[in-house]
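> Take this structure, written in structure tokens, and hold onto it; I'll ask about it next.
The values are calculated or read from the model by the stated rules, or taken from the named source; none is laboratory data. As the structure is a computational prediction, the values presented were derived from the model and not from experiment. Cβ sites come from the backbone with ideal geometry, for glycine too, and all protein chains shown count toward neighbours. When the accessible area is computed, the model is the full protein with side chains, heavy atoms only, and any ligands, DNA or RNA have been set aside. Shrake-Rupley method; radii C 1.70, N 1.55, O 1.52, S 1.80 Å.
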Amino acid sequence: MSNTIRFVLCLHNHQPIGNFDHVFEDAYQDSYLPFLEVFEPYTNLKLALHTSGPLMEWLDAHHPEYLDRLAALVAAGRLEIVGGAFHEPILAMIPSRDRIGQITSYRQWLERRLGGAVQGMWMPERVWEQSMTRDLAVAGVQYTLLDDFHFKNAGLTSDELHGYFITEDDGRTLKVFPGSEQLRYLIPFRDPGQTIDYLRGVAETHPGAVVVFGDDGEKFGTWPDTKQHVYDNGWLKMFFDALDENRQWLKTLTLAEATQQVAPLGKIYVPEGSYREMTEWALPAERIVEFDHLHHDLQEKGEWDHIKQFVRGGYWRNFKRKYPESDEMYSRMMAVSQRLADEVAAGNDHEMIEHARTALYRGQCNCSYWHGAFGGIYLPHLRNAVYNQLIAADNLLDIATGKTGPWVEGTAGDYNFDGLSEVRLASDRLAALIAPAHGGQLYELDVRTICHNVLATLARRPEAYHQKVLSGPNSGTGGTESIHDRVVFKQEGLDEMLQYDGYLRKGLQDHFFDNDVALQAVAANEAIERGDFLGRPFEAKVRRGSDKVQVQMTRNGNAWGIPLKITKGVTLAAGSSVLEIAYLIEGLPQDRPLHFAVEFNFAGLPANCDGRYFYDSSRNQLGHLGERLDLVDADGLGLIDEWLGIDVGLSSARPTSLWAFPIQSVSQSEGGFEAVHQSVCVMPHWQVQGDADGRWSVTLALSIDTSLAERRMQEAAVAEAAPVAT
């Protein structure tokens, strides 16, 4: 064949902050190592490889020999290391200063460890906004890779995408490559010959073209069924054989070589977006269903191919609207980033600040901020890991600024960028964020000693793919399916677990229920709300003393049409790990009781696990944290997580009935559909009746004991410092 083309094979390997160590190891054994072993003997082939910072640091610690082999391929000119933002954030989500910092620091790390010049970068999830061009150029990036979907949204056709383009912002330029969506679905799911045929067709119509495949390396062994397909059945070897056999017209090369050998196709301004599937996932659930129906209707009519390049889904930033819990993480991250920037601007820039910056960057890792075909925000350990790093960064900044010993402060401001004021009560032990305008809810509670947010919860909400859950699993086509096409259940009865919440699962949620409502109805969120306090605005005042702070919140509302006034106060003292909570209800009838409940949800406490259990005031165990409890005349309830080293206690100054039940979501992950334990709901409730003045009150104490975790840390520090016996 006389016509030649250039083919770039670019892999993206990634594991997020907080993923389990065995997941890293399995991915290494199933994908990263075997791919390298198959690739190394093909001395005529070249590869571009991006490995995210969290994974690269893990590999350097656990398998440095793997990185040594990569470095040898770099030295031989067969491998280009593609850079990126160190801890794989969505660049549109973080401030300009952090984009530049993450990209620059990772380039320096990669060049030190692997050698060679790092000139390009992987765009996390290919989420693009044109204004990022300037930051990438300032950070020294010469080129990046997007999806061909981006370019088609700019009005280009497939025939115009066989190369790369120049884009510009504020006078700064950047080279951008379109990655082929068709190749993403061919490789590695179809016979290698189909890829060769596709590339041959490009060569015949566009000689000299550059064609780029850019996608997840986990497709080669870690995704379901791919290990056997790619390695045991020899797909990857056959693919490399085919590339090698056709190398006279099909030249594999790196991204850097493509920019050196081929001129750009011209200038383009790329619309904001991501790969096609991501733009669909960013839509509200009901719009995804509507979009999917429209897609299939037009496809059946033969019209889809003509209009699909003009059809776009949603906007990535609206994941923060779709999942308010993501917005909470984002807002928390932004607060830490701003605090760090303020300290640097004030000239406070030293080693402890650098440690805080590293923790911030790790807390920007993207996976738990959104959800698509993988678990994402539905995975509690990923959310917990983000908060762990953000709280650690705050702790480090306190040390850097000399903020030591017992202290307490109360502040108010728009901490979540919703145009309303929130309250932050913080001490050397705890930090509580409260939203008076949203029912006076307690939406974050940081346990600073162990860097854990016990309110990193997630509400149950409809997802478009729940229709597939109701329809049941499919058997596929019998071949190796793309992750987007599989419908596999990891357990039975998921359809019966589909329950939805009409509000966020947080703390200090105030309910009025029917007097005879049952636990089952409350747990399923089927109980009728008889008051108008849940999620409705409270007025707030912050009181500050030398050793304690308090927020007092008041709302005039009603229950069953009866005008009521609720005042609730939250108090935090310096050096204390207890939130004191006081409720006063006024206007209550004296002739009949009303059923009042206060809801708390606690995250990061797994169910059905040893060492995680409820206990009563006598320290008697009441079952694991996945149990349902219906207690009468109790004075409190405790929740223990021995692995985390935390003891959460909720006590009441007057006898109370108590409900406790798990909150489980049904979500999609790469392995299939599954139920995920999100939090434990604890709900004290009373039949309240007014005294002679129509008043009723109760005082609660929410205590967080981390002495077990602190003792373990002290023992570990002593063991590390102890001399080694010889």
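> In deg cm²/dmol, rounded to 500, what helix-only [θ] at 222 nm does the chain give when every DSSP H run of at least 4 residues adds -39500 (n - 2.57) and the total is split over its residues? Write down the numbers at each step before the final one.
Values: 21 runs with 217 residues, N = 726.
Here the helix-only value at 222 nm equals -9000 deg cm²/dmol.
> So for each of 494-500, 133-139 I average, over its residues, the number of other beta carbons within 10 Å; can you give me the resulting order with the highest mean first?
133-139, 494-500
> Let me have the relative contact order for the stretch 292-405, percent, based on Cα pairs under 8 Å that are six or more residues apart. Mind showing how you got there, number by number?
Details: 90 pairs, mean separation 29.1, N = 114.
Computed value for the stretch 292-405: 26 percent relative contact order.
> Something else: State the answer as a single residue: which of HIS381, SER337, HIS438 lies farthest towards the positive end of the charge dipole of the stretch 333-443, with beta carbon charges of +1 for Lys and Arg and -1 for Asp and Glu, about the Cα centre.
Result: HIS381, furthest along the dipole toward the positive end.
> Hey, could you get me the Stokes-Einstein D for the stretch 301-340, Kirkwood radius over alpha-carbon pairs, 4 °C and 1.567 mPa s, rounded to whole µm² s⁻¹? All intermediate terms of the calculation are to be shown ahead of the outcome.
Working: Rh = 12.9 Å.
After rounding, the answer is 101 µm²/s.
> State the Cα centre-to-centre distance between the stretch 642-680 and the stretch 518-558 in whole Å.
20
> If you don't mind, another one. Run the reach check for LYS565 against lysines, Cα to Cα strictly under 21 Å, same-chain hits fewer than 8 apart removed. What comes back?
Cα-Cα hits under 21 Å: LYS541.
> Using a 1.4 Å probe on the protein chains only, how many percent of the accessible area of the stretch 24-101 belongs to carbon and sulfur?
It is 54 percent, rounded to a whole number.
> Please identify the chymotrypsin sites (Phe, Trp or Tyr not before Pro) of the stretch 13-53 that satisfy two criteria: DSSP loop assignment and at most 13 other Cβ atoms within 10 Å. Which are they?
Within the stretch 13-53, the qualifying chymotrypsin sites (Phe, Trp or Tyr not before Pro) (loop, at most 13 other Cβ atoms within 10 Å) are PHE20.
> What figure in square angstrom, to the nearest 10, would you give for the accessible area of ARG536 with a 1.4 Å probe?
Surface accessible to solvent at ARG536 totals approximately 110 Å².
> Let me ask something additional. Rg/Rh for the stretch 630-717 to two decimals, with Rh computed the Kirkwood way over all alpha-carbon pairs.
1.14
> Explain nothing, just the number: relative contact order of the stretch 1-121, from Cα pairs under 8 Å at least 6 residues apart, as a whole percent.
26
> In whole angstrom, note down how far apart the Cα centers of the stretch 49-126 and the stretch 1-39 are.
14
> Just how far, in whole angstrom, is the stretch 156-192 from the stretch 495-512 if you go by their alpha carbon centroids?
44
> Shifting gears a bit: Taking the Cα centre of the stretch 410-545 as origin, sum charge times position over the Cβ atoms of Lys and Arg (+1) and Asp and Glu (-1), and report the length of that vector in debye to the nearest 20.
That gives the stretch 410-545 a dipole magnitude of about 580 debye.
> Leaving ligands and nucleic acids out of the surface, order HIS293, HIS162 by accessible area at 1.4 Å, largest first.
Greatest to least solvent exposure: HIS293, HIS162.
> Hey, another quick one. With only alpha-carbon atoms counted, please give the Rg and Dmax of the chain, in Å.
Every Cα atom of the chain included, Rg and Dmax give 27.9, 98 Å.
> Can you give the % of DSSP beta bridges in the chain that are antiparallel, to the nearest 5?
Approximately 80 percent, going by the DSSP bridge assignments.
> Turning to a different aspect of this structure: Using a 1.4 angstrom probe with every protein chain in place, what is the largest-first accessible-area order of GLU492, GLU674, GLU599?
From most exposed to least exposed: GLU492, GLU674, GLU599.
> At 1.4 Å probe size, put SER617, SER546, SER52, SER96 in order of accessible surface, largest to smallest.
Order by accessible area, largest first: SER546, SER617, SER96, SER52.
> For the chain, report the accessible area per residue in Å² (1.4 Å probe, heavy atoms, rounded to an integer).
Values: 28640 Å² over 726 residues.
Here the per-residue accessible area is 39 Å².
> If you don't mind, another one. Suppose every K and R has +1 on its Cβ and every D and E has -1 on its Cβ; what is the size of the dipole of the chain about the Cα centre, in Debye to the nearest 20?
So the dipole magnitude of the chain works out to roughly 1380 debye.
> Next question. Kirkwood-based Rg over Rh for the stretch 246-397 (C-alpha set), two decimals?
Using Cα coordinates only, the ratio equals 1.12.
> In this model, which of LYS152/LYS468; LYS320/LYS548; LYS46/LYS267; LYS152/LYS267; LYS219/LYS301; LYS175/LYS227 are farther than 26 Å apart at the alpha-carbon? If you can, show how the numbers build up before the last one.
Values: LYS152/LYS468 30 Å; LYS320/LYS548 34 Å; LYS46/LYS267 28 Å; LYS152/LYS267 14 Å; LYS219/LYS301 32 Å; LYS175/LYS227 34 Å.
Distance filter (> 26 Å) returns LYS152/LYS468; LYS320/LYS548; LYS46/LYS267; LYS219/LYS301; LYS175/LYS227.
> Check cross-link reach from LYS403 to the aspartates and glutamates: straight Cα distance under 18 Å, and skip same-chain residues fewer than eight apart.
Here the aspartates and glutamates satisfying the reach criterion relative to LYS403 are ASP342, GLU343, ASP349, GLU351, GLU354, ASP394, ASP428, ASP446, ASP547.
> Also, I was wondering about something else. Let me spell out the model: positive unit charges on the Cβ of Lys and Arg, negative unit charges on the Cβ of Asp and Glu, origin at the Cα centre of the stretch 1-120. What dipole size does that give, in debye rounded to 20?
Result for the stretch 1-120 is approximately 680 debye, rounded to the nearest 20.
> Can I ask one more? Based on a Kirkwood Rh over C-alpha pairs, give the Stokes-Einstein translational diffusion coefficient of the stretch 578-685 at 10 °C and viscosity 1.306 mPa s in µm²/s.
103
> Any idea what angle helix 53-62 forms with the longest principal axis of the chain, computed on alpha-carbon atoms, 0 to 90 degrees, nearest 10?
That helix lies at roughly 80 degrees to the long axis.
> Take every Cα pair under 8 Å in the chain that's 6+ residues apart, average their separations, divide by the length, and report that relative contact order as a whole percent.
RCO, the chain: 11 percent.
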